[in-house]
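One structure is given here, and the rest of the page talks about it.
The values are calculated or read from the model by the stated rules, or taken from the named source; none is laboratory data. In this text, all values refer to a predicted model and were calculated from it rather than measured experimentally. Here Cβ is always computed from backbone atoms with ideal geometry, including for glycine, and neighbour counts include all displayed protein chains. Heads up: the accessible areas ignore ligands, DNA and RNA and are worked out on the full protein's heavy atoms, side chains in. Shrake-Rupley method; radii C 1.70, N 1.55, O 1.52, S 1.80 Å.
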Amino acid sequence: MPESDLITIGAFARSCGITASALRFYDDSGLLAPAGVDAATGYRYYAPAQLERAVTIRHLRAIDMPLDKIARVLAADPHTAAGIVDAHVAGLLQRTREARRTAEVVKAALGEPAGRRVATVRGPVLAAAVEQILAATGIDPDLPVLAGVRVEAAPESLTLTATDRYRLSTRTLVPEQPGPAEWAATVDGADLSAALPEIRSAHSIIIEAGEHSIRFRTADGVVRTCRTLAEPFPDHRGLLAALPAAPTHAVVAKHDLMHALEQQRDRYLHVTVAADTLTVAGTGSEPATTLSAQVTGPDSALVFGFTILHPAVATAIGPDVRLDIGGPADPVVVRSADNGDLTTLAMPADPAVVDDENGPRR
């Protein structure tokens, strides 16, 4: 390559997001040798084609991969390299789980005060409810509280709620033993997800509230701590209370509706409810699917994002789901036809925006 096509180490460092000193270290380690070195000054120069390798090294270092493993990744074929990365991440997760357990032991040895008892529930029941509700959490850097699950305890109930502003799911459990008073907090969703294996394997879970955390304690003494979030949770109760009465109701087999949704490949789906039928159609070449349904009320036609409607249906309980349908801009309420303690709201999309993105329906 002509020397004029090479770039200085400083310019290359800015392009790949690695400091010049780190680039020198990677050169000395044999991971990323410069394309040329000035014999008189010792200045290192890099080729633009080396940028991808440099960025890969930066990403692997960001997940704490040691240099010898990085060298193996860079020398391997794509399949083998992916396996090395997956194994490394699995090791990180295992070490994180072990660190959490060790931290609980240390805090107990230091005399951490017991938290306020919130409720006692069966572990598998709580784990299933958390998994259902986590499907409605969101990822928004400006609103980190949307990644949390609202936990509300009352003398006779334990309610879990999550929303990403396009979906809202709420599930109510009856505790084995209620707590002495009402309590509420928003729990970090990632922490809850990490705690699920221990929660699911325990016959019963005692939920305790700390100052900035919530603890799940088993009869065997296993404790998992999840952080609580300080930001205010959206007014989900106000949203539920403000829902207008839905004029149209449709009951359809969950398995059939899931299959109809998954047959389509488009980002947005048209859902039409008419006498005794529910039809799912996309904008592409896949044929529409018409299902038998129990329908009461006027016909209705709505548009949904696949990523909004599919999880709402997938987390429903039981063989049938019920859709309570209001106006074209109102959220549709998705619930189990024979068990209404899990309720999910799914916001329809604006048909005009969908048509602009997908083009006219075929």
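This table checks each residue for (1) over 28 Å from the mean Cα position of the chain (by Cα); (2) more than 19 Å from A129 (Cα to Cα); (3) at pLDDT below 95; (4) β-branched (V, I, T).
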position: L257; (1), (2), (3), (4): no, yes, no, no
position: D266; (1), (2), (3), (4): no, yes, yes, no
position: T279; (1), (2), (3), (4): yes, yes, no, yes
position: G282; (1), (2), (3), (4): no, yes, yes, no
position: A293; (1), (2), (3), (4): yes, yes, no, no
position: L302; (1), (2), (3), (4): no, yes, yes, no
position: P319; (1), (2), (3), (4): no, no, yes, no
position: A329; (1), (2), (3), (4): no, yes, yes, no
position: T343; (1), (2), (3), (4): no, no, yes, yes
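Just wondering, is there one or more residues in the stretch 263-278 that are out of contact with any Asp or Glu (no Cβ under 9 Å at 6 or more places or on another chain), within 21 Å of P328 (Cβ to Cβ), surrounded by fewer than 18 Cβ atoms within 10 Å (Cβ to Cβ) and of a type outside the set (K, R)? Yes.
Please report, ordered by residue number, the strands (runs of 3 or more DSSP E) entirely within the stretch 120-239 with at least 2 residues that are in contact (Cβ under 8 Å) with a residue 60 or more places away in the chain and more than 30 Å from G305 (Cβ to Cβ).
Output list reads 204-209, 213-218, 223-229.
Taken together, the criteria exclude D86 from residues that are within 28 Å of the chain's Cα centre (by Cα), among the acidic types (D, E) and on the phi > 0 side of the Ramachandran plot.
For every residue, the table says whether it meets (1) open to solvent by 60 Å² or more (accessible area, probe 1.4 Å); (2) under 25 Å from R150 (Cα atoms).
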{"site": "A241", "(1), (2)": "yes, yes"}
{"site": "E286", "(1), (2)": "no, no"}
{"site": "V295", "(1), (2)": "no, no"}
{"site": "P298", "(1), (2)": "yes, no"}
{"site": "I317", "(1), (2)": "no, yes"}
{"site": "G327", "(1), (2)": "no, no"}
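Just give me the residues in the stretch 244-262 being under 13 Å from H310 (Cβ atoms) and either touching a residue at least 40 places away in the same chain (Cβ under 8 Å) or surrounded by fewer than 15 Cβ atoms within 10 Å (Cβ to Cβ) (or both), in sequence order. Answer for the stretch 244-262, where residues must be under 13 Å from H310 (Cβ atoms) and either touching a residue at least 40 places away in the same chain (Cβ under 8 Å) or surrounded by fewer than 15 Cβ atoms within 10 Å (Cβ to Cβ) (or both): K254, L257, M258, H259, L261, E262. Would you mind finding the one in I199, I206 that is touching a Leu at 6+ places or on another chain (Cβ under 6 Å) and either polar (S, T, N, Q) or crowded, with 20+ Cβ neighbours inside 10 Å (or both)? Among I199, I206, only I199 is touching a Leu at 6+ places or on another chain (Cβ under 6 Å) and either polar (S, T, N, Q) or crowded, with 20+ Cβ neighbours inside 10 Å (or both). Can you tell me which of T172, T163 is out of contact with any Lys or Arg (no Cβ under 8 Å at 6 or more places or on another chain) and open to solvent by 20 Å² or more (accessible area, probe 1.4 Å)? Every option except T172 fails the conditions. The C-beta contact set for the stretch 84-102 (first residue at pLDDT 90 or above, second residue aliphatic (A, V, I, L, M) and part of a helix (DSSP H, G or I), distance under 7 angstrom, 6+ apart or interchain) comprises I84/V73; V85/V73.
From the list G30, G42, the lone residue that is assigned to a loop (DSSP other than H, G, I, E, B), of a type in the set (G, A, S), loosely packed, with under 15 Cβ neighbours inside 10 Å and in contact (Cβ under 8 Å) with a residue 40 or more places away in the chain is G30. Taking the criterion of being open to solvent by 40 Å² or more (accessible area, probe 1.4 Å), part of a helix (DSSP H, G or I) and free of Cβ contacts under 8 Å to residues at least 40 places away in the same chain, the residues of the stretch 45-66 that qualify are A49, L51, E52, R53, T56, H59, R61, A62. Within the stretch 11-25, the residues that satisfy the criterion of being open to solvent by less than 20 Å² (accessible area, probe 1.4 Å) and in contact (Cβ under 8 Å) with a residue 40 or more places away in the chain are F12, C16, I18. When every residue of the stretch 151-173 is checked against the conditions, none turns out to be of a type in the set (S, T, N, Q) and in contact with a Phe, Trp or Tyr (Cβ under 6 Å, 6 or more places away or on another chain).
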